[in-house]
Structures are given as C-alpha cells and as structure tokens.
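Novice: One structure, pasted below without further comment.
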Amino acid sequence: MKILIFCDWFEPAYKAGGPVRSIVNLVNFLKPDHELFVFTSDRDLNDQGPFPGIQTDGWKYANGFNLYYYSPGSMTLKKVKQIIRDVSPDRIYLNSMFSNMILPLLAAGRSGKIVLAPRGMLKESALAVKPIRKYFYLHFLKLLNLEQYIRFHSSGPDETRSIYRIFPKASSIIEAPNLPVSVEPILSSATKEVGELKLIFVGRMQSIKNLHFLLDLLLEYPKQIELTTVATSEDPNYARECKDLIDKLRAKHQINLYIDLPHPRIKTLLEQAHLFVLPTLGESFGHAIFEALAVGCPVLISNQTPWINLAEQKAGCELPLEISLFLEKLNEFQAMGNETWQQYRQGARSAAESYIRQANFSEKYKNLFHL
C-alpha cells in the first residue's frame, strides 16, 4: 500500500513535542511493509531558517521512505493537488486536525482516501485554546460534510467520544493506540534518599501543558526540591509568565531550565529524575508520559490523560488539578526511601510494558489503513 503523509513537522524537528514523536514512530512502524511519502515543513516550530543540510522542495528517498521538505509559502492548494496526483496514494494520512491540513482536506476530502488523526485537538480543553478560530474552522468542515468521507484515527475511547461530539455524522472512526518508543530493558543505576526529590517536567511551554500550575505549586511547597524543566518555547507570553515564576522559585529551590533541548538528550534527564510531573489540561496519549514510564521514572500527572490506575500499578499517580492533592503527593514522594522508590521504578516500566503488550498494534493499524 502507498501512503502519503502530510504533517507540520518531522525529524529532525522536535520542538512541537508529541505530534512529531507520533508521526516518526508511525513511519518507522509502517515503512517495512508500505511505500511511504512524507510531506512536511523544512524547519522546526517557530524557527526562522530551514534544517541544515537538507534538500528542500523535492522528494528524497532515505531510511526506507520518501521525504519532501517544503519551503515557506510553497504548500499551496495547487501544490497539494499536484503532490496527490503525482504520488497517487492509496491512503492520505493527516497528522493534525488544524494548521495546513485544510489544504489536503480541500484537495481530497471526498476521495475516501483520507485518514485524519486529531491528536487530541478535539478535546474540550484543547478547543478552549484560541476557540473562535477553531470553531469557525470546524464549522466550515461540517458545512462541507467532509466527516462522512473521512476515516478518523482515534487513539482510544476518550478521543472517539471527542470526535463524535464534534462530528456526530462521522462515518468511520478507527481506534489504534499511539505508537511509542521502546521500553528500556535495564533501568539506570539511579537511587533516592529520604528527603530528596528531583522532579522533571517535559513539554511545550504552552497553556495546555499547564507548567504554571506546577510552578505555582512549588511556590507553596515548603521543602526544598530540584526541578528540571525541559520545554519548547511556543507561546512567548506564556513562556515569559513561566520564566518569571521560575526566577521566584530559584530563591527557594534548585531549578534547571532547558529550552528547545533536542529530543535524544531528554532520555538521560528522565533516567536521573525521581518523579515526572505533568499537570496537563489534556492529552490524547502523552508521549512524554510514556517515555518517562519506559525508563522507569514514576509519573505524577493530571487526570486529563488516558493513563489511569497508576497508583495501583505503583507507577505513579493521576490526580484532579487541585494544588492540595499535588502538594500531598509531592510530600509523599519526598519522604520515600530508595527501596520503595525502586518499586515505583519497576512499576513505571511495567506499566509501559503492559501498554505495549495490550496494544495489538499490527492488527489495529491494519484496520486503520487496509479495511
């Protein structure tokens, strides 16, 4: 099968976080058995220049698939129609609900070939960010009745409900869980002493990731901790607010701030941390959450993700977004000794392994693309 993929960013991009990991993992999963064509931007999120050393505005075959980096302004409706005509794909995969994906929707929305992955963008919490623009966009798509011709890629039951809420006439929604990184076979040699607590946050510096909640929380937390924040700077105003809070926190806690850190370097930081914290307003999957679990880093997250029953698995905890509850859990982890923490590390990795075992990726992605 020949699959044409439209996405806003692809490797070596990393600043957009989860959507990049989703599509990179999908391409690596599909390429042994499919002919893939990836059409994407020639630069990372908010970058002024292209990736160094790449070929732009033309196809290049490498690493088992075809890749086209388009330059700014060259992704037009005419160009998209030409790409679709030249490739003549069996399926057209859109790795986003918004942005430039309107162009392939207009070009081939009624062809029956489009598979669209909302990537959590139809959750109520996600739609609350810049809602007016999104409302008119979605209303426009419904006026065109495109939902009857599109196959939606849902990452699970929660996203399926979100899709039906916005597109009640959707004729095809296929659930196929997100493809993650591999689970580490051996945990790092990290240890933890009673009274010690090294936190890590990994995510975009945007309101939906809710970093300011964690920073406000730590202003109230009475004991000294270490926080490593790994963020991509996406919203300048929000980033400025967070950096102001970080400056206040430095008088009280040890704060390490990494902005726009390349993805391969994050794994080492996760392996050194005692607890991954992400008080997100909503995730359809949460690649950063999985990557923490996969290296044996317990997680403290909001209850706005698919990850549930973490406490029962001794993998961490999911909580409502109430500061008092998060404060209590931080205190519990800070008081934890190495023996108990090592049990949580094993539980975290086991939760990641359990996800892989139960996912049945081959069958579900066969249903997504071939049925």
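The values are calculated or read from the model by the stated rules, or taken from the named source; none is laboratory data. Just so you know, these numbers come straight off a predicted model, no measurement behind them. Quick reminder, even Gly has a Cβ in these numbers, built from the backbone with ideal geometry, and neighbours come from all protein chains shown. Surface areas here come from the heavy atoms of the whole protein model, side chains and all, with no ligands, DNA or RNA. Shrake-Rupley method; radii C 1.70, N 1.55, O 1.52, S 1.80 Å.
Novice: Only one of I83, I92 is touching a residue at least 12 places away in the same chain (Cβ under 8 Å), under 23 Å from G17 (Cα atoms) and not charged (D, E, K, R). Can you tell me which?
Specialist: Exactly one of I83, I92 is touching a residue at least 12 places away in the same chain (Cβ under 8 Å), under 23 Å from G17 (Cα atoms) and not charged (D, E, K, R), namely I92.
Novice: Test of understanding: among G286, G296, which residue is touching a residue at least 24 places away in the same chain (Cβ under 8 Å) and either of a type in the set (K, R) or more than 16 Å from G18 (Cβ to Cβ) (or both)?
Specialist: Every option except G296 fails the conditions.
Novice: Filter segment 155-200 down to the residues that are under 21 Å from F290 (Cα atoms) and of a type in the set (S, T, Y), then identify the one that is modelled with the highest pLDDT.
Specialist: Here the answer is T191.
Novice: Give me a count of the residues in segment 318-371 that are under 15 Å from G296 (Cβ atoms), touching a residue at least 40 places away in the same chain (Cβ under 8 Å) and charged (D, E, K, R).
Specialist: 3
Novice: How many of the residues in segment 35-46 are modelled with pLDDT under 95 and surrounded by fewer than 17 Cβ atoms within 10 Å (Cβ to Cβ)?
Specialist: Selection size over segment 35-46: 1.
Novice: Restricted to segment 5-29, and to residues that are more than 14 Å from S96 (Cα to Cα) and assigned to a helix (DSSP H, G or I), which residue is least open to solvent (accessible area, probe 1.4 Å)?
Specialist: Among residues in segment 5-29 that are more than 14 Å from S96 (Cα to Cα) and assigned to a helix (DSSP H, G or I), the one least open to solvent (accessible area, probe 1.4 Å) is V27.
Novice: Inspect all residues belonging to segment 310-330 and state whether any of them is surrounded by fewer than 20 Cβ atoms within 10 Å (Cβ to Cβ) and within 21 Å of I23 (Cβ to Cβ).
Specialist: No, segment 310-330 contains no residue that is surrounded by fewer than 20 Cβ atoms within 10 Å (Cβ to Cβ) and within 21 Å of I23 (Cβ to Cβ).
Novice: Exactly one condition in (1) of a type in the set (S, T, N, Q); (2) under 30 Å from C297 (Cα atoms); (3) in contact with a strand residue (DSSP E or B) (Cβ under 9 Å, 6 or more places away or on another chain) is not met by S172; state its number.
Specialist: (2)
Novice: Further question: Restricting to segment 317-344, count the residues that are assigned to a helix (DSSP H, G or I) and in contact with a Leu (Cβ under 6 Å, 6 or more places away or on another chain).
Specialist: 6
Novice: Here's a check for you: in segment 235-277, which residue that is touching a strand residue (DSSP E or B) at 6+ places or on another chain (Cβ under 7 Å) and charged (D, E, K, R) is modelled with the lowest pLDDT?
Specialist: D235
Novice: Separate question: From Y365, Y344, Y355, which residue is aromatic (F, W, Y) and at pLDDT 95 or above?
Specialist: Just a single option satisfies the conditions, and that option is Y344.
Novice: Hey, another quick one. From the list P32, P52, which residue is within 25 Å of L261 (Cα to Cα) and either at pLDDT 90 or above or open to solvent by 30 Å² or more (accessible area, probe 1.4 Å) (or both)?
Specialist: P52
Novice: R161 fails exactly one of the following numbered conditions: (1) more than 18 Å from the chain's Cα centre (by Cα); (2) within 30 Å of E271 (Cβ to Cβ). What is the number of that condition?
Specialist: Only one criterion is unmet by R161, namely (2).
Novice: Moving on. For residues that are open to solvent by 70 Å² or more (accessible area, probe 1.4 Å), over 23 Å from the mean Cα position of the chain (by Cα) and without any contact (Cβ under 8 Å) to a residue 40 or more places away in the chain, tally how many sit in segment 220-240.
Specialist: Residues meeting the conditions: 2.
Novice: Run T232 past the list (1) over 30 Å from T340 (Cβ atoms); (2) in contact with a strand residue (DSSP E or B) (Cβ under 7 Å, 6 or more places away or on another chain); (3) not in a strand (DSSP E or B) and report the number of the one that doesn't hold.
Specialist: Failed condition: (3).
Novice: Which of (1) open to solvent by less than 10 Å² (accessible area, probe 1.4 Å); (2) under 19 Å from I166 (Cα atoms) does P89 not meet, given it meets every other one?
Specialist: Among (1) open to solvent by less than 10 Å² (accessible area, probe 1.4 Å); (2) under 19 Å from I166 (Cα atoms), the lone unmet condition for P89 is (2).
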